[in-house]
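So the structure is just underneath, and the comments pick up after that.
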Amino acid sequence: MLRLTGVRACYGSTEVLAGVDLEMSEGEVVTLLGRNGMGKTTVVRALMGMLPLTGGSIQFEDSAIQGLPSFSVARLGFGLVPEGRQIFPNLTVRENLIATAANYSGSADPYTLERVTTIFPRLIERMNNYGNQLSGGEQQMLSIARALMINPKVLILDEATEGLAPIIRQEIWHGLKLLKERGESILVIDKNLDALLTLADRHYIMEKGRVVWCGDSGALSASRDLQSRYLGV
C-alpha cells in the first residue's frame, strides 16, 4: 500500500534523512521509533509533501507521490494528526470536525460526527466549546477525530500521547485499538513502547536519519539490548 525507498531529505545543507526504507500494508499498524532528533517527524513531513526529497521515492497504491503538494497528498487519503495537535482554536469542536470533512477513501460507511464521537465520547459534551477551551487531552482527541473525518486510507499520528495525563493516554490508546479492530491503516510515532508493542504489527527504529531495525512486536519485546541501544534515554 505504501512504500518509501531510499528517501533522502535535507534542512538547508544538512541531510536529515539518509536513505529511509519503509513499507506498510493495508490494515497494518506500523510504528516509527527512535530517540528525539533521529528523523521520525521529518519522515512524516517528507511523506506529506511538506519537505522536498533530495533522493529516493514514495509509492502509494502503485503511484509515485513524491513531489506532490501537501493538499494533493491529503486528498489521496492521508490523514495527519500532527505533533502539537494544531486544531483551530477559534472554531468549536463541531466546526473543527466538519471544516475539512470528506470521504477520500470512498468508504461505503464513512466516518461521521456520530461515528468519531463513539471513539472519543468525551467530545460529545464539548461539541459547542471552542478549541482553545479544551484541555490538552481533549485537543488531542479532537485532532485524531478531525483526521478521521476525511476518511483517510492511512492515518498518521505524530506523538499522539506526548505530555498527556495517564488517564487521557489510556483513552487515546483505547481509541486507537478500536481503529485497529476496524481495519484502519495507521502509522504511529510515540514513545510509549509498552502500548505500542500491544497495538502495532511492525516497528521501524530510526537512528541518525536511517532505519536501523525493523521487526514485529514479539522480536522487539524480546530484545532488551535493542530497546536500550536505540530507545533508552
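The values are calculated or read from the model by the stated rules, or taken from the named source; none is laboratory data. The structure displayed is predicted, hence computed values, not measured ones. Cβ placement follows ideal geometry from the backbone for every residue including glycine, while neighbour counts extend to all protein chains displayed.
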Practice task
Take the residues in the range 197-233 that are of a type in the set (Gly, Ala, Ser) and not in a helix (DSSP H, G or I), then tell me which one is modelled with the lowest pLDDT.
Solution key: GLY232
Handout entry: Among the candidates SER185, SER217, SER221, residue that is hydroxyl-bearing (Ser, Thr, Tyr), surrounded by fewer than 20 Cβ atoms within 10 Å (Cβ to Cβ), under 19 Å from LEU22 (Cβ atoms) and touching a residue at least 12 places away in the same chain (Cβ under 8 Å)
Key = SER217
Practice task
Check whether at least one residue in the range 184-192 is in a helix (DSSP H, G or I) and farther than 21 Å from ARG122 by Cα, and report yes or no.
Solution key: no
Exercise for the section: Inspect all residues belonging to the range 84-93 and state whether any of them is modelled with pLDDT of 95 or more, farther than 29 Å from SER13 by Cα and either in contact with a Phe, Trp or Tyr (Cβ under 6 Å, 6 or more places away or on another chain) or part of a helix (DSSP H, G or I) (or both). Expected result: yes
Practice task
Inspect all residues belonging to the range 100-111 and state whether any of them is touching a residue at least 12 places away in the same chain (Cβ under 8 Å) and outside any loop (DSSP other than H, G, I, E, B).
Solution key: no
Problem - When residues of the range 12-44 are limited to those that are without any contact (Cβ under 8 Å) to a residue 24 or more places away in the chain and either under 25 Å from LEU199 (Cβ atoms) or assigned to a strand (DSSP E or B) (or both), the one farthest from the chain's Cα centre (by Cα) - result: THR14
Practice task
Would you check which residues across the range 170-192 are over 25 Å from ALA101 (Cα atoms) and within 15 Å of the chain's Cα centre (by Cα) and list them?
Solution key: ASP190, LYS191, ASN192
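Residue-by-condition table, conditions (1) exposed (fewer than 13 other Cβ atoms within 10 Å of the Cβ); (2) within 30 Å of VAL43 (Cα to Cα); (3) out of contact with any helix residue (DSSP H, G or I) (no Cβ under 6 Å at 6 or more places or on another chain):
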site	(1), (2), (3)
ALA74	no, yes, yes
ARG85	no, yes, no
ARG94	no, no, yes
TYR130	no, no, yes
